[in-house]
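Inspection log for the structure reproduced underneath, given as structure tokens.
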Amino acid sequence: MPFKMAALATLGLLVFNGRVASVEAAEKPNIVIIVADDLGNADLGYRGSDIRTPNIDALARGGVRLESYYGLPVCTPARAALMTGRYPMRYGLQTLVIFPDHKYGLPTDEKTLPQALKEVGYQTAMVGKWHLGHADRKFWPQNRGFDSFYGNLVGEVDYFTKERGGVIDWQRNGNFLKEDGYYTDLIGNEAVNLIQKHDTSKPLFLYVASLAPRAIARF
């Protein structure tokens, strides 16, 4: 089953009012969403930048470019909107981000995109930065619709140690671990591995949320 790099335009066709469109199993595409933190609009090669971004340029040439799409400026609100399809002010996540000492997260009564996709037979996986709640396991990715999760729960961590404030924020499926390697290399390799080993009997939804724009170069 070929993979299709999906933009928000594709999601608009799949999700409406919290429901996923009903399609035959054979027609369900694999979906890969890549979120790059703090990527400037003018920092892309295909938009005239001196920065070389050949892989992103290839996606732009072969896909749909949302030239009038406006995203949210910081991590938590942007991720909340993507995961629910709703304005984050509807559930109190419109201001700044969730910090390590905060106890709240994306409300559990909000239906998420991976939950909706699982209902129609998708395998769901997440790699990278969650940033939608960490203080209680009910907020964690695997309790919000993802079958597997590899990455960090809070915000920015050190790219080498995967620590923030001396505390390791790096886990696989709920188990924290100390692991050597550079952050963007690890999540890029994990995403490629998930795609290569994917059981094609089910369509795959893969959400790759990076700390840095350059992680996309791994694809």
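Values quoted throughout were computed directly from the atomic coordinates according to the rules given, and no laboratory measurement underlies them. Since this is a predicted model, take the numbers as computed values, not measurements. Cβ coordinates were reconstructed from backbone atoms using ideal geometry, including for glycine residues, and neighbour counts include every protein chain displayed.
Here are some notes:
- For Trp170, distant residues with modelled amide H under 5 Å away: Leu177
- Amide H partners (placed H, <5 Å) of Ile31, local residues excluded: Leu204, Phe205, Leu206
- Extension gain (nm, one decimal) between Tyr182 and Thr200, 0.36 nm per residue minus Cα-Cα: 3.5 nm
- Per-residue Karplus couplings for the range 177-186, computed as 6.51 cos²θ - 1.76 cosθ + 1.60 with θ equal to phi - 60°, are listed in order as 8, 9, 9, 6, x, 7, 3, 5, 5, 5 Hz, Gly and Pro entered as x.
- Each residue of the range 109-151 gets 67 Å³ once the volume of the Cα convex hull is shared out per residue.
- Phi to ³J(HN,Hα) by Karplus 6.51 cos²θ - 1.76 cosθ + 1.60 over the range 30-35, Hz, x for Gly, Pro: 6, 10, 10, 10, 10, 10
- Prolate/oblate/rounded label for the range 65-219 (Cα gyration tensor, a/c 1.5): rounded
- When peptides 122-134, 140-152 are ranked by their average number of other Cβ atoms within 10 Å per residue, the highest-first order is 122-134, 140-152.
- Rounded to whole numbers, the Karplus 3J(HN,Hα) couplings from phi for the range 101-118 are 8, 7, 9, 9, x, 4, x, 6, 8, 8, 6, 9, 4, x, 5, 5, 6, 4 Hz, using 6.51 cos²θ - 1.76 cosθ + 1.60 with θ = phi - 60°, and x at Gly and Pro.
- From least to most packed, judged by other beta carbons within 10 angstrom and beginning with the fewest, Ser210, Ser68 follow the order Ser68, Ser210.
- Environment charge at Gly121 (Cβ cut-off 10 Å; Lys +1, Arg +1, Asp -1, Glu -1): +2
- Projected area, mean over directions - the range 24-123, Cα convex hull, nm²: 8.8
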